[in-house]
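Here is the structure we will look at.
The values are calculated or read from the model by the stated rules, or taken from the named source; none is laboratory data. No experiment lies behind these values; they were computed from the predicted model shown. Reconstructed Cβ throughout: ideal geometry from the backbone, glycine too, with neighbour counts over all protein chains shown. Heavy atoms of the whole protein, side chains included, go into the accessibility calculation; ligands, DNA and RNA do not. Shrake-Rupley method; radii C 1.70, N 1.55, O 1.52, S 1.80 Å.
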Amino acid sequence: MLKHWPPLSSLRGFEAAARLGSFHKAAEELNLTQSAISQQIRSLEAYLEQPLFYRSGRSVSLTDAGHDLLSTTQAMLQQLAVGIRRLGQYQKPNQLVLNTTPAFARHWLLPRLGEFRLEHPRIDLWLFTTDEVPDMATQTIDIAVRDDISSQAECSFKVLHADRLYPACHPDLLSVAPELRTTLHGEREMDWSHWAVEAGVDVGQQDQGLNFSDPGLLLDAACSGLGIALVSQLVGQDARAKGLLQPLVEGTIRGPNWAMLTHRDSENDPMARSFSHWLQAQLSRD
């Protein structure tokens, strides 16, 4: 693909000349000579095999092709500038990169981050959420806290919490006949087959209904009164405390194990240790 790209310097020269309407002003802005700008434009036109400017004495104006290329070039240069500026986040001295699931981040971690920030104001936490399990050996991640991870090379592994699952819905839905309630289906442990096998209790669940790949969205749907769902005791804790969830029965079944991976390069990092201690204290308290 690189053979289809003209030199970046010629595109910068073209963009400046087109925006300013002058080769001379473009040269001043880029700290080049006017002849250098002219040469860049001629090289670009030769590369594209068509003129980009109408030249009349010292004034220049864009051809139709020039107008087209200008919009493309400006968008490309702006995106490149933003991308280069964004690289500065990788050089923050107190940065701690945490990977977790969107559901855990939104429903459990986010409500508690204010407390963590008060206790550790100097830690620049980068919350990196993914549906997929990260590869800690190849990705820049200090700690991963998830319910779908196992041990990985170059990392320490620790189980933090054994979750429990229970069927629940919004309290308003309790007045609806069980056979009329929509069943909300999730994946993995949130699938109703686990409840049928381990609990053996019929709470009105049906094979058909609404299906969710994101357990956080499944919880949102249950809290908004869309139907009954099998929810995480840990992740649904705050929603239940706010009165948005009501258990259908008292029993619970085994859920996933929430575990933590810490990259070996971060194990002795004071920031990683501080977050790990804070996290385990929060889970113990909850």
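Here are a few things to note about the model shown:
- Condition broken by V133, with the remaining ones in (1) outside any helix (DSSP H, G or I); (2) of a type outside the set (S, T, Y); (3) touching a Leu at 6+ places or on another chain (Cβ under 8 Å); (4) open to solvent by 40 Å² or more (accessible area, probe 1.4 Å) satisfied: (3)
- The listed residue being at pLDDT 95 or above, surrounded by 15 or more Cβ atoms within 10 Å (Cβ to Cβ) and in contact with a Leu (Cβ under 6 Å, 6 or more places away or on another chain), out of V145, V231: V231
- Test result for L180, open to solvent by 40 Å² or more (accessible area, probe 1.4 Å) and either without any contact (Cβ under 8 Å) to a residue 60 or more places away in the chain or among the β-branched types (V, I, T) (or both): yes
- Of all residues in the range 136-148, those satisfying the criterion of being within 18 Å of the chain's Cα centre (by Cα) and part of a loop (DSSP other than H, G, I, E, B) are M136, T138, Q139, T140, I141, D142, D147, D148.
- Among residues of the range 7-37, those that are surrounded by 17 or more Cβ atoms within 10 Å (Cβ to Cβ) and of a type outside the set (D, E), counted: 15
- Residue selection: V97 fails the criterion of being surrounded by fewer than 16 Cβ atoms within 10 Å (Cβ to Cβ) and among the hydrophobic types (A, V, I, L, M, F, W, C).
- Filtering L44, L80 for residues that are surrounded by fewer than 16 Cβ atoms within 10 Å (Cβ to Cβ) and either hydrophobic (A, V, I, L, M, F, W, C) or at pLDDT 95 or above (or both) leaves a single hit, L80.
- Scanning the range 50-75 for residues that are modelled with pLDDT of 90 or more and farther than 13 Å from A18 by Cβ, we see that the one that is nearest to the chain's Cα centre (by Cα) is A75.
- So H107, is it closer than 19 Å to R285 by Cβ, in contact with a Phe, Trp or Tyr (Cβ under 9 Å, 6 or more places away or on another chain) and either free of Cβ contacts under 8 Å to residues at least 60 places away in the same chain or open to solvent by less than 70 Å² (accessible area, probe 1.4 Å) (or both): no
- Number of the condition not met by E115 [criteria: (1) of a type in the set (D, E); (2) open to solvent by less than 70 Å² (accessible area, probe 1.4 Å); (3) in contact with a strand residue (DSSP E or B) (Cβ under 8 Å, 6 or more places away or on another chain)]: (3)
- Exclusive hit being in contact with a helix residue (DSSP H, G or I) (Cβ under 8 Å, 6 or more places away or on another chain), closer than 30 Å to D142 by Cα and of a type in the set (K, R), set R264, R254, R181: R254
- In the range 128-145, the residues that are in contact (Cβ under 8 Å) with a residue 60 or more places away in the chain and under 17 Å from M271 (Cβ atoms) form Cβ pairs under 9 Å with partners that are outside any strand (DSSP E or B) and among the hydroxyl-bearing types (S, T, Y), at six or more places apart or across chains, as follows: I141/S266; D142/S266; I143/S266; I143/S276; V145/T101.
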